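Have a look at the structure below before the remarks.
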Amino acid sequence: MSNILSDILYTVRLQEVIGNTNKNITNIQFDSRLSSENGLFVAIKGLQADGHKYIDTAIAKGAVAVICEELPTNLQAEITYLRVADTQKSLGTIASNFYGEPSKKIKLVGITGTNGKTSTATLLFKLFRALKYNVGLISTIQYQINEQIFDATHTTPNALKLNQLLAEMLEQGCEYCFMEVSSHAVTQKRIEGIEFTGGVFTNMSHDHVDYHGSFKAYIEAKKGFFDQLPKTAFALTNL
């Protein structure tokens, strides 16, 4: 695992670089309030707030590098600015690099569908635990590493939390992880940079059309998860 900025940016499509990329980065944040010394701040245009408005706040709290879609008007000396086309997408790759690409070192199975995600993921987790494997679980109800339980914040956590969890699972010797993949997570690019061993599709109904705008868009979101699977992955459909 490397914390050098240039290494963390591996495979990220940079449109513009201003400043030194040979810096040691100790943390990555997209919430300026959580920024700290030697941090990398990723400015994301969210549904409720635009992170670009809080770049100066992140720097004041210790961020030494900023990834953004639009450069600030006033650039501060000694701060490295990196412009990309899509900060949300870039965050996934950056988080994966920062935590040592954990999804490539564990057998990660994603479960998606309108209903049954939690049940399927939990049953698989319990089955593999009963078979004496070290296993991780990422679900709506809880996150779990073997017998250690953590409170869940989202069905599918953000890219930073997701890679941190996978890295912790590897440290605990986990060979497998079963996780729920929501359609929201796909459209919000929370699984960017994650490599799955396989995907499972449970079913489809009209429950989340309000968020996606149309049933077609909802279907496309679910399909987006399978489109991202590597050619070596398996895909199972509930017939």
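The values are calculated or read from the model by the stated rules, or taken from the named source; none is laboratory data. These figures come from a predicted structure and were not determined experimentally. Please note: Cβ atoms are built from the backbone with ideal geometry, for glycine as well, and neighbour counts cover all protein chains shown. We work out accessible area using only protein heavy atoms, side chains counted, and drop any ligands, DNA or RNA first. Shrake-Rupley method; radii C 1.70, N 1.55, O 1.52, S 1.80 Å.
Rg/Rh for the range 106-239 (Cα atoms only, Rh after Kirkwood) is 0.95.
Could you compute the net charge surrounding PHE201? Neighbours are other residues with a C-beta less than 11 Å from the C-beta of PHE201; K and R count +1, D and E count -1. Intermediate values should be presented prior to the final figure.
Numbers: positive: LYS117, LYS222, LYS223; negative: none.
Every neighbour counted, the sum reads +3.
When a 1.4 Å probe is rolled over the protein heavy atoms, the share of accessible surface on the range 46-85 that falls to carbon and sulfur comes to 46 percent.
Each of THR114, GLY92, ALA58 was scored by the projection of its Cα onto the charge dipole of the range 43-194, and the greatest displacement toward the positive side belongs to THR114; charges sit on the C-beta of Lys, Arg, Asp and Glu.
Over the range 1-72, the fraction of Cα-Cα pairs per 10 Å bin, rounded to whole percents and listed from the shortest bin up, is 21, 54, 24, 1.
Rounded to the nearest 20 debye, the dipole magnitude of the chain is 540 debye, with +1 charges on Lys and Arg beta carbons, -1 on Asp and Glu beta carbons, and the Cα centre as origin. Here the accessible area is traced with a 1.4 Å probe on the protein chains. For the range 141-182, carbon and sulfur cover 43 percent of it. Magnitude of the charge dipole for the range 1-116, about its Cα centre and with charges confined to Cβ atoms of Lys, Arg (+1) and Asp, Glu (-1), is about 380 debye. For LYS53, the lysines whose Cα comes closer than 26 Å to its Cα, not counting residues fewer than 8 places off in the same chain, are LYS23, LYS45, LYS61, LYS89, LYS161, LYS189. The residues of the chain expose, per residue, 50 Å² of accessible area to a 1.4 Å probe. Each principal axis of the Cα atoms in the chain has its own extent, and those three values, largest first, are 57, 42, 33 angstrom. The antiparallel fraction among DSSP beta bridges confined to the chain stands at about 30%.
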